[in-house]
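Let me begin by presenting the structure, written as structure tokens, before commenting on it.
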Amino acid sequence: MKPGILIISHGSRDGAWVRIVEEAVSGLPLCEEIPVAVSFLELVEGRLIQDGINKLEHGGVTDILVIPLFVSSGSTHVDEIEYALGAKAEPERETDLELFTVKARVHYGYPVDDDPDIAVMIWDKLREMSKDPARETILLVGHGSVHDGFRQRWQKGIGSLANRVREVSGVAAADYALLNPDSVRDKVEYWSGKGHDVLVAPLFLSEGYFTKVVIPRKLKGLTYRYSGKTLLPHPLLPHWIGNQVELLLRRVRGEGQAGLEQKK
């Protein structure tokens, strides 16, 4: 077995966005030397998912460890990519994404969801805005989904992550709001009504239209604190990716050993 790592993110026409993802991957702490390809779902010509697959397979990789670099398992992209890679038989929702050409075995990992490293990253981005934790609420704002099943996964993951952020930060409360279905303004008004200072944290990988325009527009006229700082860049993200890789490696090698035992 020769493993390779395929890290998949959404993609952007903004070259700075692409470089931020690449820089996070460049610091990947691995216990052994494994080839790595960074690919994007769309918008980055020559760096799409099929390009990443081809690069790894041309290097002799037999098992591709896929890390979906998305913030929630409630993302429809996470589901359609898993299907298009052949890691699941059918998508949960109709997709235009065509099946990729893959010869290697594919082992699909997990998105961010409520990982403890991510909670630390969020607090690091907010720490300088905190003045009186005993009367503050941190409000995580994520994209969300209007689709049944996906929406519930968004709610479960970001709700659990909010609890982790509260534990790490020591603030009075932590909560979440989604853009789809929209609950952002209601949540800020609710916590402000309880006498809390609200620190709004965008749960996005990098800055863009949603963090710069959509969220501030929804909160116009309200009292809150918002830095607009997203998860990246942050030195802990390579650590998170490294953990996902090690988990997949243990799973793959465990399956391989079990197969050998059955042949005996």
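Worth a mention:
- Förster radius 22 Å - calculated FRET efficiency between residue 223 and residue 127 (Cβ-Cβ, nearest 0.05): 0.65
- For the pair residue 90 and residue 42 in one chain, pulling the backbone fully straight at 0.36 nm per residue adds 15.2 nm over the alpha carbon distance.
- Extension gain (nm, one decimal) between residue 99 and residue 147, 0.36 nm per residue minus Cα-Cα: 15.0 nm
- Relative contact order, percent, region 116-226 [alpha-carbon distance under 8 Å, six or more residues apart]: 34 percent
- Order of 211, 95 - criterion: other Cβ atoms within 10 Å of each residue's Cβ, fewest first: 95, 211
- Among beta bridges from DSSP that stay inside the chain, the antiparallel ones total about 0%.
- Sequence-ordered 3J(HN,Hα) estimates for region 93-107 from the Karplus curve with 6.51, -1.76 and 1.60 and θ = phi - 60° stand at 9, 3, 9, 8, 6, 7, 4, 7, 8, 9, 9, 6, 6, 10, 10 Hz, glycine and proline given as x.
- Mean separation of Cα pairs under 8 Å and 6 or more residues apart, divided by the residue count, gives the chain a relative contact order of 20 percent.
- Sum of -39500 (n - 2.57) over DSSP H runs of 4+, divided by residues of the chain (222 nm, nearest 500): -12500 deg cm²/dmol
- Rounded FRET efficiency, nearest 0.05, which uses the C-beta distance separating residue 253 from residue 190 and R0 of 45 Å: 0.40
- Longest DSSP-loop-exposure-free segment, GluC sites (Glu not before Pro), the chain, at most 10 other Cβ within 10 Å: 99-264
- Applying 1/(1 + (r/R0)^6) with r as the Cβ-Cβ distance of residue 180 and residue 110 and R0 = 25 angstrom yields a FRET efficiency of 0.70.
- Listed residues 74, 15, 149, most fluctuating in the chain (Gaussian network, C-alpha, under 10 Å): 15
- Gyration tensor (alpha-carbon) shape descriptor, region 183-245, a/c threshold 1.5: prolate
- For the chain, complete DSSP H runs whose alpha carbons reach 30 Å or more along their own long axis and whose mean Kyte-Doolittle score is -1.0 or higher are 236-263.
- Among the listed values (1) 13.6; (2) 15.1; (3) 16.1, the one matching mean projected area of the Cα convex hull in nm² as calculated from this structure is (2).
- Value of relative contact order over region 1-150, rounded to a whole percent, pairs C-alpha under 8 Å and six or more apart: 24 percent
- Mean-position separation - Cα centroids, region 164-218 and region 28-51, in angstrom: 31 Å
- Spacing of the two label points (7 Å from each Cα toward its C-beta) at residue 62 and residue 210, in nm: 3.9 nm
- Loop trypsin sites (Lys or Arg not before Pro), region 155-226 (other Cβ atoms within 10 Å of the site Cβ: 16 or fewer; DSSP): 194, 220
Only the coordinates and a few stated rules stand behind these numbers; no lab work does. What you are looking at is a predicted structure, and each value in this text was computed from that prediction instead of being measured. Please note: Cβ atoms are built from the backbone with ideal geometry, for glycine as well, and neighbour counts cover all protein chains shown.
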